Amino acid sequence: MSHDAPERALERARARATAARGAGEYAEADRFAALDQVPGDELLRLHGWAFLEVDPSGIRSTRRFGAPITLLRRGLLRLLVQYNAQLVSQQTHFNLRLLDEVARLHGRVARLEQLAAKRDQR
C-alpha cells in the first residue's frame, strides 16, 4: 500500500465495483432500482419549505411612530384571516404539487443517468 491509500480508497472501490458489476456479480441489485427514487436530502429540505406559515409577530412598522401603523396592519390581518388562510392554503398546495413534479423528474433523471452509465460500460 502506498502513502496515498486513504485518498484513493473511494476511487479504487468504485473501480472494483464497476468491474464486479461488469462480471454480473450485482445482477439482483438492479431489482432495487425503485429505491433510488427516494428523494435526496435536497428534496426533503424543499418539502419543509413548501409549507407556508404566516407569523403575525412579523407584521410591524419600522417607522419612527409605527405603532399605529402596526395596529392597523394587524387589524387588517385579523379582518382578512379567512382570505389569507385561503391564499396560504392554495400556495402550499401548489408548492407541494410542484415538489411532487420535481421529485418525479429527479427520479427520471436518475434512471436516465443509470441507463447512460450502463451504455457507456458496454
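The values are calculated or read from the model by the stated rules, or taken from the named source; none is laboratory data. This is a predicted model, so every value here is computed, not measured. Cβ sites come from the backbone with ideal geometry, for glycine too, and all protein chains shown count toward neighbours.
Summary table below
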read-out: Among the residues listed as F94, F65, the single one being part of a helix (DSSP H, G or I) and not assigned by TED's automatic domain parsing to the domain that holds A20; value: F94
read-out: Some residue of the range 65-82 being within 26 Å of the chain's Cα centre (by Cα) and at pLDDT 90 or above; value: no
read-out: Every pair of residues 6+ apart whose Cβ atoms lie under 9 Å, when the first sits in the range 35-58 and is assigned to a loop (DSSP other than H, G, I, E, B) and surrounded by 11 or more Cβ atoms within 10 Å (Cβ to Cβ) while the second is β-branched (V, I, T) and modelled with pLDDT of 80 or more; value: P39/V102; F51/T92; L52/V88; L52/T92; V54/V88
read-out: Qualifying residues in the range 70-100 (those that are under 16 Å from G58 (Cβ atoms) and of a type in the set (V, I, T)) - the one surrounded by the fewest Cβ atoms within 10 Å (Cβ to Cβ); value: V81
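Residue-by-condition table, conditions (1) hydrophobic (A, V, I, L, M, F, W, C); (2) touching an Asp or Glu at 6+ places or on another chain (Cβ under 7 Å); (3) modelled with pLDDT of 80 or more:
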residue	(1), (2), (3)
D4	no, no, no
R21	no, no, no
R31	no, no, no
V38	yes, no, no
L52	yes, no, yes
S57	no, no, yes
